[in-house]
Amino acid sequence: MGYPLESGQGAGGVIAFLRGIPAAFGPSSVTLDVQGVGYEVQLSERYRLQLQAAGKAEVTLLTWLAHREDSMELFGFESRQEKELFLLLNRVSGVGLRTALAIVSALEVSEIITAIAGNQPKVLTRAPGIGQKTAQRIILELREKLAKIYPDLPVSTSAGPLEPGIQEEVEVTLLALGYGPDEIARAWGLLPASENPADADAVIRFLLTQLGP
């Protein structure tokens, strides 16, 4: 399932694309030979492996230039959708460029969008360095933005992200009662927005009705 991001959403940078031949690869980058000039471009791991497998074939990279006071860094993308989602993630408080790149490296664009729209922080935590708290913040800050970009995107009616302490308290209690992690994860998705996510006892009572004896 693919969700093409709206053209131009969050677009930026001075160099929009580069066309050239891969000359060398680093752990998270490619050096692209563009008519004798080498450009080092940071890539998602998935795209880097794809380019390495293709050998010396000419490629066109969509790019975005991150300009800081003391440095400039180019980021490259396989598609406009990947680029625009990277830029949205980069704007989330506490995320930044490296974390945004880690997310698009670990997950497909459609997986990320579906996880945010469907309030599924556990999907986002599959990316290296993304804990429950950061995943919840991403959902909190981007859910409404994605809903505006995709008016037809299915959005979960479950309660919004819980404070990490509340969620931990609920899960520890349910585990102590003998429920397994998979059962608890499924029950989370049934928590309606009408439940107060700040009231751990109320959340536990509701989840117990879904889990059964």
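For the stretch 80-149, what number of Lys pairs, 8 or more residues apart or on separate chains, have alpha-carbon atoms under 21 Å from each other? So the count of such lysine pairs works out to 5. Each Lys or Arg adds one and each Asp or Glu subtracts one; over the other residues with Cβ under 15 Å from the Cβ of THR60, this totals 0. Expressed to the nearest 5 percent, the antiparallel share of DSSP beta bridges inside the stretch 15-152 is 90 percent.
Computed over neighbours whose Cβ is under 10 Å from that of ARG46, the net charge equals -3, Lys and Arg +1, Asp and Glu -1.
Bear in mind that the values in this text are calculations on the coordinates, not laboratory data. For clarity, every value in this text was computed on a predicted model and none was experimentally measured. Cβ coordinates were reconstructed from backbone atoms using ideal geometry, including for glycine residues, and neighbour counts include every protein chain displayed.
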